[in-house]
Amino acid sequence: MGQEEDGKQIALWAYKLSFMHPVTKEEMNFVSIPEKVGSWKILEGIEIT
């Protein structure tokens, strides 16, 4: 595959991912909010909690 050009990347992203740990059965929660730059500027004015 060729090298990606700036602004032309395709990404799968979720701000929150939750699942049960297969061994401990503990609920695992991960949250990641991208900086509002580049393609993510679309999130400006939207509050994600």
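Check K8, K25 and return the single one that is over 15 Å from the mean Cα position of the chain (by Cα), exposed (fewer than 10 other Cβ atoms within 10 Å of the Cβ) and either aliphatic (A, V, I, L, M) or at pLDDT 75 or above (or both).
When all the criteria are applied, what remains is K25.
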Name the pairs: first residue in the stretch 26-49 and touching a residue at least 24 places away in the same chain (Cβ under 8 Å) and farther than 16 Å from L12 by Cα, second residue of a type in the set (S, T, Y) and open to solvent by 100 Å² or more (accessible area, probe 1.4 Å), Cβ to Cβ under 7 Å, at least 6 apart or on different chains? none
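Could you grab me the full set of residues in the stretch 14-25 that are touching a residue at least 24 places away in the same chain (Cβ under 8 Å) and outside any loop (DSSP other than H, G, I, E, B)?
In the first step, residues of the stretch 14-25 are kept if they are touching a residue at least 24 places away in the same chain (Cβ under 8 Å); the result is 15.
Listed by number, the list is empty, since nothing qualifies.
The values are calculated or read from the model by the stated rules, or taken from the named source; none is laboratory data. Just so it is clear, the model here is predicted, and its values are computed rather than measured. As a convention, Cβ positions derive from the backbone with ideal geometry for all residues, glycine included, and neighbour counts pool all protein chains shown. With ligands, DNA and RNA removed, areas are computed over all heavy atoms of the protein, side chains included. Shrake-Rupley method; radii C 1.70, N 1.55, O 1.52, S 1.80 Å.
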